[in-house]
1. Taking Cα pairs under 8 Å and at least six residues apart, what relative contact order does the range 122-172 come out at, in percent?
2. Among 150, 88, which comes first, second and so on when ranked by fewest other beta-carbon atoms within 10 Å?
3. Among 37, 110, 140, which comes first, second and so on when ranked by fewest other beta-carbon atoms within 10 Å?
4. Across the Cα atoms of the range 122-172, what radius of gyration and what greatest pairwise Cα-Cα distance (Dmax) are found, in Å?
5. In what sequence do 139, 132, 225 fall when counting other Cβ within 10 Å, fewest first?
6. By the gyration tensor of its Cα atoms, with a ≥ b ≥ c the square roots of the eigenvalues, what is the shape of the range 215-262: rounded for a/c under 1.5, prolate for a/b over b/c, or oblate?
7. In whole percent, what relative contact order does the range 215-262 give with Cα contacts below 8 Å and a gap of six or more residues?
């Protein structure tokens, strides 16, 4: 699949023709242009190209799970394009913090769409995903498990629709517990049930760090996001935000020192 096709850059004399210094600058420059500006499409392509290493990196994190790596890279690129098209710098969120969950969400949706063992209508698949997301959101906001009525109201559907979606979810990933999952065939799927879900642990940690992260400036938050959520190296981060690797190292140390100080103060 060819996702990006380069287009010739055309700039109006009234706008600066100096190339943006970093991938983030490309997005800011694109956002500053009116929708019909002739250079907007070119900037969009350049922004996507600049952030492709992030998409590939995230795709490789999910390789080895039964899907071809090339398919995962294409899926991650679709997520990146969606992030570029929907990103609004005026909301005060850096692009990396917005793009990473968007790309990961696209990859996870790719896996979900391919793990329905019984043919289920697309409508029910989408409803099941919406119910799952609503359940998570409402549990957080209500402080309890939501009822069918709560979910129906949140999604703007009937209670019957919710029940139908829950019933359809039974067809999702109905893999036998006896399915071998180790190379030598000695470990079965059922042996892994009840293990700790590290994704939940990470989510809980991020919630706990929320107030501390709010004390950091935008660039420090971006560097921490890329390093610990995106798993990028310091060199990769330097390429993404347009500074030296040594500068990234200093900023990372400074940000972590701030976090430790804030958390230590909370414990006193």
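Just so it is clear, none of the values below were taken in a lab; they were calculated from the coordinates. All values derive from a computational prediction rather than experimental measurement. Cβ placement follows ideal geometry from the backbone for every residue including glycine, while neighbour counts extend to all protein chains displayed.
1. Details: 41 pairs, mean separation 22.1, N = 51.
Across the range 122-172, relative contact order equals 43 percent.
2. 88, 150
3. Listed from fewest to most nearby Cβ atoms, that is 140, 37, 110.
4. Values for the range 122-172 (Cα only, Rg and Dmax): 10.2, 31 Å.
5. On the way: 139 13, 132 16, 225 22.
Lowest count first: 139, 132, 225.
6. In terms of gyration-tensor shape, prolate.
7. Relative contact order here is 40 percent.
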